[in-house]
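Chemist: Pasting in a structure now, in structure tokens, and then I'll have a few things to ask.
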Amino acid sequence: LIADTAGRLQNKSHLMEELKKITRVMKKLDEQAPHEVMLTIDASTGQNAISQTKLFHEAVGLTGITLTKLDGTAKGGVIFSVADQFGIPIRYIGVGEGIEDLRSFKANDFIEALFARED
């Protein structure tokens, strides 16, 4: 089961409560559930990603992060602060619009791309 809660804003407390309820209901069916709780962060979000991660992690216990929209001008540097503060693994990166543009996160490749010079 994949529950996509796109559009959940961390500053909307009633929506965050609904998210907590989804987790509670899943645990009634399988006490090990949810098996993965992934937060998708838009690379252009900037420092708001830290607040977003904090509130979602407190609400449902994140187990992974996907960083998207790395195909534009955003470099996703905020992910360093997120990783440092929360220790949540970065699982995937998105570098385009299609499913083929979703890739497993590889730290060395990400760092090389982050510091690559455009000539």
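Chemist: Can you name every residue in the range 95-112 that is out of contact with any strand residue (DSSP E or B) (no Cβ under 9 Å at 6 or more places or on another chain) and either among the hydrophobic types (A, V, I, L, M, F, W, C) or surrounded by 13 or more Cβ atoms within 10 Å (Cβ to Cβ) (or both)?
Modeler: Listed by number, the residues that qualify are Ile99, Ile111.
Chemist: Also: Scan the range 77-117 for residues that are over 15 Å from Leu39 (Cα atoms) and of a type in the set (Lys, Arg) and jot them down.
Modeler: Hits for the range 77-117 are Arg103, Lys106, Arg117.
Chemist: Do we find that Asp109 is in a helix (DSSP H, G or I), over 25 Å from Lys20 (Cβ atoms) and either of a type in the set (A, V, I, L, M) or at pLDDT 90 or above (or both) in this structure?
Modeler: No.
Every residue, every condition in (1) surrounded by fewer than 17 Cβ atoms within 10 Å (Cβ to Cβ); (2) modelled with pLDDT of 95 or more; (3) not in a helix (DSSP H, G or I), yes or no:
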{"site": "Asn11", "(1), (2), (3)": "yes, no, yes"}
{"site": "Met16", "(1), (2), (3)": "no, no, no"}
{"site": "Lys28", "(1), (2), (3)": "yes, yes, no"}
{"site": "Phe56", "(1), (2), (3)": "no, no, no"}
{"site": "Ile65", "(1), (2), (3)": "no, yes, yes"}
{"site": "Glu118", "(1), (2), (3)": "yes, no, yes"}
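Chemist: Quick one: Ala33 ticks every box in (1) modelled with pLDDT of 85 or more; (2) surrounded by fewer than 10 Cβ atoms within 10 Å (Cβ to Cβ) except a single one, so which number is it?
Modeler: (2)
Chemist: Can you tell me which residue in the range 70-94 is surrounded by the most Cβ atoms within 10 Å (Cβ to Cβ), limited to those that are part of a loop (DSSP other than H, G, I, E, B) and modelled with pLDDT of 90 or more?
Modeler: Checked the range 70-94; the qualifying residue surrounded by the most Cβ atoms within 10 Å (Cβ to Cβ) is Ile88.
Chemist: Any idea which of (1) under 26 Å from Ala107 (Cα atoms); (2) surrounded by 14 or more Cβ atoms within 10 Å (Cβ to Cβ) is the one Thr23 doesn't satisfy?
Modeler: That leaves (1) as the condition not met.
Chemist: Go through the range 82-93 residue by residue and tally those that are touching a residue at least 12 places away in the same chain (Cβ under 8 Å) and over 13 Å from the mean Cα position of the chain (by Cα).
Modeler: Selection size over the range 82-93: 1.
The values are calculated or read from the model by the stated rules, or taken from the named source; none is laboratory data. Only a predicted model underlies this, so the values are computations on that prediction, with no experimental measurement involved. Cβ atoms come from the backbone with ideal geometry, glycine included; neighbour counts cover every protein chain shown.
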